[in-house]
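A short write-up of the structure that comes next.
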Amino acid sequence: MIEINFFEKRKKNIAPYILAGIFVIGLISIFIISYVITNQLSHQKDVNLAKIEKQTDIVEEYQKEKLVQSQVRELESQVSQIEEAKFPTVYLYQYVQNSLPLNTEIIEYRFSLTDRLYIRLQFNDFDQVAELQRSFVDTSFFEQVDIDVISLTEEEQTSYESELLIDIDRDQLSEVAENAD
């Protein structure tokens, strides 16, 4: 039998279906790639935050260490300044004590920050006062030696009290004390 086809068979155009399929596959690929990249970025962000947290502790420790080092340097500087500015008062007292004539006693000894020494002494002999003053005048670190008062003590009438005011050259005394050590 003969077949009669009233409807023409046309070749189907599959191009729109192919394009639609490619478009859908492209969208799915873009979605998958976006999802993977987003997950990787999120994971990298978490890793970076963990590194930052770890480094924050290290940075804080480093800053503390730098602060301690700075404080140590500052303290060393202050110690050296104190060493340079310290006054050898022990040496000065021992020098005065060793310079006193026999049977002479220190009643009062005051050293002021203005480089002035006040000494009140008790002597047995009047000539010992002059002898001590001459001895102090010849001392390199005593700039000026003044006898302020010489008087008989009221208790015994055989001894004398004298007050000496002595201006001191701080630099010279420090140098002499350093050389003596």
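The numbers here are math on the coordinates, done by the rules we state, and not lab data. Computed from a prediction, not measured in an experiment: that's the story for all the values here. Here Cβ is always computed from backbone atoms with ideal geometry, including for glycine, and neighbour counts include all displayed protein chains.
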Calc'd 3J(HN,Hα), segment 163-172, phi into Karplus 6.51 cos²θ - 1.76 cosθ + 1.60 (θ = phi - 60°), Hz, glycine/Pro = x, comes to 10, 10, 10, 10, 8, 10, 8, 4, 5, 5
Return the whole-Å distance between the Cα centroid of segment 148-181 and the Cα centroid of segment 13-49.
100 Å
Helix-derived [θ] at 222 nm for the chain: sum -39500 (n - 2.57) over DSSP H runs of at least 4, divide by residue count, nearest 500?
-20500 deg cm²/dmol
Cut-off of 10 Å, at most 13 other beta carbons, DSSP loop: longest stretch of the chain lacking such trypsin sites (Lys or Arg not before Pro):
87-181
Taking 25 °C and 0.890 mPa s as the conditions, I'd like the Stokes-Einstein D for segment 24-181 in µm²/s, using the Kirkwood hydrodynamic radius from alpha carbon pairs.
112 µm²/s
³J(HN,Hα) across segment 55-66 via Karplus (A = 6.51, B = -1.76, C = 1.60, θ = phi - 60°), whole Hz, x for Gly/Pro?
6, 4, 4, 5, 5, 4, 5, 5, 5, 5, 5, 5
FRET E, pair residue 48, residue 23, Förster distance 30 Å, beta-carbon r, rounded to 0.05:
0.25
At a 10 Å Cβ-Cβ cut-off, how would you order 135, 162, fewest neighbours first?
135, 162
How far apart, in nanometres, would the label points at residue 68 and residue 158 be if each is projected 7 angstrom from Cα along the Cα-to-Cβ direction?
6.8 nm
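Residue 122: net charge of surrounding residues, Cβ under 9 Å, Lys/Arg +1, Asp/Glu -1, itself excluded?
Values: positive: 120; negative: 105, 161.
Here the charged neighbours net out to -1.
Order by neighbour count: 126, 136, 111, fewest other Cβ atoms within 10 Å first, most last.
126, 111, 136
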Contour minus end-to-end for residue 127 and residue 56, with contour as 0.36 nm per residue of separation and end-to-end as the Cα-Cα distance?
17.7 nm
Measuring from its Cα centre, the chain shows a charge dipole (+1 at each Lys and Arg Cβ, -1 at each Asp and Glu Cβ) which, in debye to the nearest 20, is 3980 debye
Apply the Karplus parameterisation 6.51 cos²θ - 1.76 cosθ + 1.60, with θ equal to phi minus 60°, to every residue of segment 137-145 and state each ³J(HN,Hα) to the nearest whole Hz, in sequence, with x for glycine and proline.
5, 6, 7, 5, 9, 9, 7, 8, 10
